[in-house]
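Chemist: Attaching a single structure in structure tokens format; questions to follow.
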Amino acid sequence: MDNQTVAAIWSCASATCLSLDAKRHSVETNTNDRQAPPGLSNSNNNNNNNKSTAVDADPRKLRHIAHTPRGSCFMALLLLLLLALNFRHAHSCGPGRGLGRRRERNLYPLVLKQTVPNLSEYMSGASGPIEGVIQRDSPNFKDLVPNYNRDIIFRDEEGTGADRLMSKRCREKLNTLSYSVMNEWPGVRLLVTESWDEDHQHGQESLHYEGRAVTIATSDRDQSKYGMLARLAVEAGFDWVSYVSRRHIYCSVKSDSSPFISHVHGCFTPESTALLESGAKKPLSELAIGDRVLSMNGKGQAVYSEVILFMDRNLEQMQNFVQLHTDSGAVLTVTPAHLITVWQPEREALDFVFADRVEELNYVLVHDATGELRPHRVIRVSSVRSRGVVAPLTREGTIVVDSVAASCYAVISSQSLAHWGLAPMRLLYTLQSWMPAKGQLRTAQDKSTPKDATAQQQNGLHWYANALYKVKDYVLPQSWRHD
């Protein structure tokens, strides 16, 4: 949205506000003439006119104006302009996938005996190794969860409800698949013929015994649909899918405790540091909302940007991290699903890549002694398990942590789309910072409360980030997600 468009919106909305205010003034004048005693009508009207003129002449009285009809219209107009400016900012941020209409993708059905991925089911790139049979008296039995999704038919031949029991990850992917089935074939539901098995009716190494596998079909038993059903299972995020038989499809997932399952949101370690505008370095565990930290704009330049919220903050959670070691000595520790800024020298362009897909000899941007962000080679990639996760969100959507430029986003591969998705939170933060009452309260609190207490108030996942994570499987193709 260019400046001329913004000006046009302002002119049109201002004219609407003025006509609404004139109509309100006319109605109030007629009401006062009817209700006021003789001799007082003119004086009251004069007083009202004087008050209106005083308000118009003093735009600093924003708090008082907000309580009048004209003020309500003005605040709505302000909200519209902020929204327009906010979305313009989102369009210019980052070299990720562009915004706009999503291109239609052709989904091709699997063929009989085909597996996706084309690996052994027990490899780490698929569902991973066997962990052991789960019986009703096993300590791990409590980790199985029932699935009561009404859009799924469970055959449950045993009559024990065992087919409804499965791992949490399996339930999540199965529920996602059920929506895809209904969208693909209206009136048809997903049929589960086997899930957790306690009767040992499968092979010795079957993941059915751990609640990590399901055998599925469609409710109409139309075998011509099964190739596409297998493809939909792949899109739903199952870690291994096999068109094993003309009668059914087999799907399995990684263990809920697998170290190869990344944290649902990208995070850094609490000990990692950010550079404040004052020049001081601050651990992320002590970072506060409102701190201005070193970030990167859409052109790859170093800028300072405000922290507007924490998408996740848990100082006790154990988590697997990827470590990227650079030739400059900088080391970034981050969760596997986090987006990292990678320089592509052959194209002279910046891309955002999941941390666990950054390879040795790739280039990342490092903040050097000159104050610039420059490409440096990754010389080693390792993994580490550590305690605590912190995920600050800046207005720019990027942050420089331990001198390495990274996104504030994770899980989906598009920086632009992720930045657009958080636009409501940026808008909310902007509106809150403009409210005089909020500003006065913050000023008063600053005198008696340490600034980093802001960060201490949150422990856990931010509600908005959690909501976005829950809907991603239903609106984004698997190729855009880190599963």
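The values are calculated or read from the model by the stated rules, or taken from the named source; none is laboratory data. Here the structure is a predicted model, which is why all the values come from computation and not from measurement. Please note: Cβ atoms are built from the backbone with ideal geometry, for glycine as well, and neighbour counts cover all protein chains shown.
Chemist: Could you please find all residues in segment 359-379 being basic (Lys, Arg) and not in a strand (DSSP E or B)?
Modeler: Of the residues in segment 359-379, the ones basic (Lys, Arg) are 374, 377.
Scanning segment 359-379 gives no hits.
Chemist: Tell me, which helices (runs of 4 or more DSSP H) wholly within segment 415-483 include 3 or more residues that are modelled with pLDDT of 60 or more and under 30 Å from Gln319 (Cα atoms)? So that I can check it myself, show each step before the final result.
Modeler: Numbers: elements: 415-421, 423-434, 436-446, 453-456, 463-475.
So the answer is 415-421, 423-434, 463-475.
Chemist: Going by what's in this entry, would Asp163 be described as touching a helix residue (DSSP H, G or I) at 6+ places or on another chain (Cβ under 7 Å), surrounded by 14 or more Cβ atoms within 10 Å (Cβ to Cβ) and charged (D, E, K, R)? Steps first, please.
Modeler: Working: touching a helix residue (DSSP H, G or I) at 6+ places or on another chain (Cβ under 7 Å): no; surrounded by 14 or more Cβ atoms within 10 Å (Cβ to Cβ): yes; charged (D, E, K, R): yes.
For Asp163, the condition - touching a helix residue (DSSP H, G or I) at 6+ places or on another chain (Cβ under 7 Å), surrounded by 14 or more Cβ atoms within 10 Å (Cβ to Cβ) and charged (D, E, K, R) - is not met.
Chemist: Still on this structure: Any chance you could count how many residues in segment 337-357 are in a loop (DSSP other than H, G, I, E, B) and surrounded by fewer than 22 Cβ atoms within 10 Å (Cβ to Cβ)?
Modeler: So in segment 337-357, the residues in a loop (DSSP other than H, G, I, E, B) come out as 337, 345-348.
Add one more test, that the residue is surrounded by fewer than 22 Cβ atoms within 10 Å (Cβ to Cβ), and what stays is 345-348.
Residues meeting the conditions: 4.
Chemist: Quick check on my filter: what residues within segment 343-360 are aromatic (Phe, Trp, Tyr) and either within 21 Å of the chain's Cα centre (by Cα) or not assigned by TED's automatic domain parsing to the domain that holds Val331 (or both)? Talk me through it step by step, then tell me what you get.
Modeler: Within segment 343-360, the first condition is being aromatic (Phe, Trp, Tyr), and the residues that meet it are 343, 352, 354.
Within segment 343-360, Phe352, Phe354 meet the criteria.
Chemist: I would also like to ask the following. Hey, can you tell me all the residues within segment 161-179 that are modelled with pLDDT under 90, assigned to a helix (DSSP H, G or I) and small (Gly, Ala, Ser)?
Modeler: Ala162
Chemist: Still on this structure, please answer the following. Please pick out the residue among Ser382, Ser407 that is touching a residue at least 24 places away in the same chain (Cβ under 8 Å), over 18 Å from Trp343 (Cα atoms), in a strand (DSSP E or B) and in the same structural domain as Glu306 (by TED's automatic domain parsing). Give the steps one after another, and end with the answer.
Modeler: Details: Ser407 fails: over 18 Å from Trp343 (Cα atoms).
Unique residue meeting the criteria: Ser382.
Chemist: Enumerate the strands (runs of 3 or more DSSP E) found wholly within segment 246-312, keeping only those where 2 or more residues are crowded, with 23+ Cβ neighbours inside 10 Å and either in the same structural domain as His208 (by TED's automatic domain parsing) or modelled with pLDDT of 95 or more (or both). Walk me through it before giving the result.
Modeler: Values: elements: 248-252, 273-275, 281-283, 292-296.
Correct list: 248-252, 292-296.
Chemist: Has segment 225-237 got any residue that is surrounded by fewer than 23 Cβ atoms within 10 Å (Cβ to Cβ) and basic (Lys, Arg)?
Modeler: Yes, the conditions are met somewhere in segment 225-237.
Chemist: Pairs only if they're at least six apart or on different chains, beta carbon under 6 angstrom, first in segment 194-212 and assigned by TED's automatic domain parsing to the domain that holds Arg171 and closer than 14 Å to Gln135 by Cβ, second of a type in the set (Phe, Trp, Tyr) and buried (at least 22 other Cβ atoms within 10 Å of the Cβ); list them, first residue then second.
Modeler: Listed by first residue and then by second, the contacts come to Asp197/Tyr209; Gly211/Trp196.
Chemist: Only one of (1) within 30 Å of Pro117 (Cβ to Cβ); (2) without any contact (Cβ under 8 Å) to a residue 40 or more places away in the chain; (3) part of a strand (DSSP E or B) is not met by Ser224, so which one is it?
Modeler: (3)
Chemist: Output yes when any residue across segment 172-193 is within 19 Å of Ser138 (Cβ to Cβ) and out of contact with any Pro (no Cβ under 6 Å at 6 or more places or on another chain), and no when none is. Walk me through it before giving the result.
Modeler: Applying the first criterion (within 19 Å of Ser138 (Cβ to Cβ)) to segment 172-193 yields none.
So far as segment 172-193 goes, no, none of its residues is within 19 Å of Ser138 (Cβ to Cβ) and out of contact with any Pro (no Cβ under 6 Å at 6 or more places or on another chain).
Chemist: Another one. Report the residue count in segment 179-195 for those that are surrounded by 23 or more Cβ atoms within 10 Å (Cβ to Cβ) and hydroxyl-bearing (Ser, Thr, Tyr).
Modeler: Summing the residues that are surrounded by 23 or more Cβ atoms within 10 Å (Cβ to Cβ) and hydroxyl-bearing (Ser, Thr, Tyr) in segment 179-195 gives 1.
Chemist: Quick one: is Arg169 in contact with a Pro (Cβ under 6 Å, 6 or more places away or on another chain) and either of a type in the set (S, T, N, Q) or crowded, with 19+ Cβ neighbours inside 10 Å (or both)?
Modeler: Numbers: in contact with a Pro (Cβ under 6 Å, 6 or more places away or on another chain): no; either of a type in the set (S, T, N, Q) or crowded, with 19+ Cβ neighbours inside 10 Å (or both): yes.
When the stated conditions are applied, Arg169 does not pass them.
Chemist: Quick check, is Leu232 on the phi < 0 side of the Ramachandran plot, touching a strand residue (DSSP E or B) at 6+ places or on another chain (Cβ under 8 Å) and of a type outside the set (S, T, N, Q)? Break it down into steps so the answer makes sense when it comes.
Modeler: Numbers: on the phi < 0 side of the Ramachandran plot: yes; touching a strand residue (DSSP E or B) at 6+ places or on another chain (Cβ under 8 Å): no; of a type outside the set (S, T, N, Q): yes.
Spelling it out, it is not the case that Leu232 is on the phi < 0 side of the Ramachandran plot, touching a strand residue (DSSP E or B) at 6+ places or on another chain (Cβ under 8 Å) and of a type outside the set (S, T, N, Q).
Chemist: Answer yes or no: is there a residue in segment 194-202 that is charged (D, E, K, R) and modelled with pLDDT of 95 or more.
Modeler: No, segment 194-202 contains no residue that is charged (D, E, K, R) and modelled with pLDDT of 95 or more.
Chemist: Does segment 357-367 contain at least one residue that is within 30 Å of His462 (Cα to Cα), among the hydroxyl-bearing types (Ser, Thr, Tyr) and either out of contact with any Lys or Arg (no Cβ under 6 Å at 6 or more places or on another chain) or at pLDDT 95 or above (or both)?
Modeler: no
Chemist: Is it true that some residue in segment 231-242 is more than 30 Å from Asp137 (Cβ to Cβ) and in a loop (DSSP other than H, G, I, E, B)?
Modeler: There is at least one residue in segment 231-242 that is more than 30 Å from Asp137 (Cβ to Cβ) and in a loop (DSSP other than H, G, I, E, B).
Chemist: A further question follows. Take the residues in segment 325-336 that are buried (at least 24 other Cβ atoms within 10 Å of the Cβ) and among the aliphatic types (A, V, I, L, M), then tell me which one is nearest to Tyr409 (Cα to Cα).
Modeler: Val334
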